[in-house]
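I have placed the structure first, in the form of structure tokens, so that the comments after it can refer back to it.
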Amino acid sequence: MKLLKILALCCAVLLGFFVQDMLKPSSTSDSAMNVKDYCFLSTTACKQQHVTMTLEHDTAKPLVESQLTVDWPNASKETLLLEVEGLEMDMGISKFLLNKQPNGTYSAAIMLPVCTQDSMTWLGRLTDGTTTVHPAIRMER
């Protein structure tokens, strides 16, 4: 009887440990989008839905700031919200606020966290609260 209780307790602990993974969708919320549909940021301007995005470096480095500049015509908001999520590895969601500059563009210093892989793709959602575009950042050590 004691062995049965211990076995039941072990099963309950294991189930509790894995239940979040079993209930969580198997991919990110933007899984309907193909990776090729993202606007990969680099020193060359990338345009999506009349929004032009440029990154200071062609590939980001972990824990090294890289300036992101966005030209969003007719945007009235003072800030834009960028959320990025790792494609190859689940590292949570990193959020950045881009502030409106006097020249009308938006910018922010983007610093991505370290991961155990040598390279990683970060898929993003950049929004003004009404419209959303999908940038992607390639990170390499």
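The values are calculated or read from the model by the stated rules, or taken from the named source; none is laboratory data. On a predicted model such as this, the values are computed, not experimentally measured, just so you know. In this analysis, Cβ positions are derived from the backbone assuming ideal geometry, glycine residues included, and neighbour counts consider all displayed protein chains.
Overview of results
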item: Enumeration of residues in the stretch 80-134 that are in a loop (DSSP other than H, G, I, E, B) and hydroxyl-bearing (Ser, Thr, Tyr); result: Thr105, Thr116, Thr130, Thr131
item: Considering residues of the stretch 58-70 that are in a strand (DSSP E or B) and among the hydroxyl-bearing types (Ser, Thr, Tyr) only, the residue modelled with the lowest pLDDT; result: Ser66
item: Output for the stretch 35-57, where each listed residue is in a loop (DSSP other than H, G, I, E, B) and closer than 14 Å to Trp122 by Cβ; result: Tyr38, Leu41, Ser42, His57
item: Subset of the stretch 85-132 that is more than 17 Å from Glu56 (Cα to Cα) and β-branched (Val, Ile, Thr) - its residue that is nearest to the chain's Cα centre (by Cα); result: Ile93
item: Selection within the stretch 17-36 - more than 15 Å from the chain's Cα centre (by Cα) and modelled with pLDDT of 75 or more; result: Lys36
item: Hey, Leu98 surrounded by 12 or more Cβ atoms within 10 Å (Cβ to Cβ), within 18 Å of His134 (Cβ to Cβ) and touching a residue at least 40 places away in the same chain (Cβ under 8 Å) or not; result: no
item: Matching residues in the stretch 103-121 - criterion: being closer than 25 Å to Pro73 by Cβ and surrounded by 13 or more Cβ atoms within 10 Å (Cβ to Cβ); result: Thr105, Tyr106, Ser107, Ala108, Ile110
item: Check on Ala75, part of a loop (DSSP other than H, G, I, E, B), within 17 Å of Pro135 (Cβ to Cβ) and touching a residue at least 40 places away in the same chain (Cβ under 8 Å); result: yes
item: Unique match (being touching an Asp or Glu at 6+ places or on another chain (Cβ under 6 Å) and not acidic (Asp, Glu)) among Thr105, Thr69; result: Thr105
item: Some residue of the stretch 71-82 being over 11 Å from Met139 (Cα atoms), at pLDDT below 95 and among the acidic types (Asp, Glu); result: no
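Every residue, every condition in (1) within 15 Å of Thr54 (Cα to Cα); (2) touching a Lys or Arg at 6+ places or on another chain (Cβ under 7 Å), yes or no:
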residue	(1), (2)
Trp72	yes, no
Lys77	no, no
Leu87	no, no
Leu98	yes, no
Ser107	yes, no
Asp128	no, yes
Thr131	no, no
